[in-house]
Every structure is written in C-alpha cells, then in structure tokens.
Amino acid sequence: MNGTGGHVEATDPHQKNATQIPVDDLRWAWSMTRAEITGFWGPDNLARWSEAGLREVAIPDSAKSFLVEVGMPVRVDWTLRFAVPADEVARATNAAHCIGFDDVVPICIDDHGYVLADEREIGGEARFINSSVECFGECLVLYQRYRTSAPAVSEDEVKNLIFMTESQLRNADPTAFSDPDNWWPVIVEQMNHGLL
C-alpha cells in the first residue's frame, strides 16, 4: 500500500499466488453475503453441519441456516479450529452449543445466537465474541485478510492495515467492541503489539 491509496499485497488463504486487494475494498468490505464468505474460503474449506444434526439444537434458525449453508473455515493455520463433527453441535458446559475451539477454549453459540469463548476451563469466564454466527463468519474473513496481507507489507503499512481491519470489524459487528475485554478488541490489541 502506498500513501496515495493503491493496493495491499494479499494472498488467498489456500493459494500461494499473491493477489492485489484495493485499499478501498479493505476499508469498506463489510456486510458480506453468505456467497462472498463461501467464495473467500472456498466451498471445500468450510465445515458444514447437517440440518438433521441441528434440528433439536436451541439456537436461532438464522444460526442453524448459516452453519448448514456456509459453515466455518477449516485448514487454516491459526489456533481456531472448527472440526466439530458435521452431524452435531456439542453441548458446552454453559448450556451453549460448541461449534469449535480456539486452542483449548470452546467457541459456542448460546440460545440467543451470541458467539462466545467459554474460558471457564482455563480460569476465565465466557467472553463475548460476536452478536451472531453470521457476524463471526464475516469477522473471520476480515481477520484472515489481515493475516495474509500483513507479512507482505512494511511496518507502517501494517499499522494502516490494522486500523482498516479494526474499522471493518467494528462495522461488521459494533457490539463486539462494546467492551474492551470482548474477544475481538483483545485480538486487535494483540495485532497492535505484533503478536498476531
């Protein structure tokens, strides 16, 4: 990226070839459709749940639909993994429904549709991630765009990229940033400290 706008070098999460993402696209690329989220990851890189497996699960219909039609990314080199068996959503200890893990921390959808990190097993509490699994799916795309773009740019450009990514995340789900201890604000803080 240069001072006149331009582009940021980015790589697709599953391809070795670099692509150019226009800065304006990075800044204003929120409110993604399900097709755009699927297209970003590729249909073969998403774990999907079955309708039958979710029939009796007490989460909003929109969350069920997203898990069935879009799913969650797999085969990405990060600590998040969504390898829960495709025919079930595991029950977490807090009556939420586990859809994956961040290292050892369960990522859950509660009965209201909120996405939470259940950190009680590691001495914490439930940490708010997103107001819906749809917002979570969009934020994961935005985060992965940052992760694939950051290694290819200068330190100053990384600062701009972090600023744009945070803006996009805030626009995708303002509630996720309503408390600095929520999951995404902590992720952005780690990005700013060079940890992610």
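Tabulated values for the structure
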read-out: Flag for Leu140 being under 12 Å from the mean Cα position of the chain (by Cα), over 20 Å from Gly124 (Cβ atoms) and free of Cβ contacts under 8 Å to residues at least 40 places away in the same chain; value: no
read-out: Members of region 149-188 that are of a type in the set (Ser, Thr, Tyr) and surrounded by fewer than 20 Cβ atoms within 10 Å (Cβ to Cβ); value: Ser154, Ser167, Thr175, Ser178
read-out: Scan of region 147-166 for residues that are touching a residue at least 60 places away in the same chain (Cβ under 8 Å) and touching a Leu at 6+ places or on another chain (Cβ under 9 Å), ordered by number; value: Arg147, Ser149, Val153, Leu161, Met164, Thr165
read-out: Given (1) surrounded by 14 or more Cβ atoms within 10 Å (Cβ to Cβ); (2) over 25 Å from Val105 (Cβ atoms); (3) modelled with pLDDT of 90 or more; (4) among the polar types (S, T, N, Q), number of the condition Asn45 does not satisfy; value: (2)
read-out: Lone qualifier among Leu140, Leu116 - being in contact with a Phe, Trp or Tyr (Cβ under 7 Å, 6 or more places away or on another chain), of a type in the set (A, V, I, L, M) and under 21 Å from Cys98 (Cβ atoms); value: Leu116
read-out: Qualifying position, being under 23 Å from Ala63 (Cβ atoms) and acidic (Asp, Glu), among Glu155, Glu125, Glu166; value: Glu125
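Conditions tested, residue by residue: (1) modelled with pLDDT of 95 or more; (2) buried (at least 16 other Cβ atoms within 10 Å of the Cβ); (3) of a type in the set (S, T, N, Q).
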residue	(1), (2), (3)
Ser62	yes, no, yes
Phe66	yes, yes, no
Ala92	no, yes, no
Asn130	yes, yes, yes
Val141	yes, yes, no
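Matching residues to (1) over 23 Å from Glu69 (Cβ atoms); (2) over 18 Å from the mean Cα position of the chain (by Cα):
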{"site": "His112", "(1), (2)": "no, yes"}
{"site": "Arg145", "(1), (2)": "no, no"}
{"site": "Pro180", "(1), (2)": "yes, no"}
{"site": "Trp183", "(1), (2)": "yes, no"}
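The values are calculated or read from the model by the stated rules, or taken from the named source; none is laboratory data. Here the structure is a predicted model, which means the values were calculated and not measured. Glycine also receives a Cβ, built like all others from the backbone with ideal geometry; neighbour counts cover every protein chain displayed.
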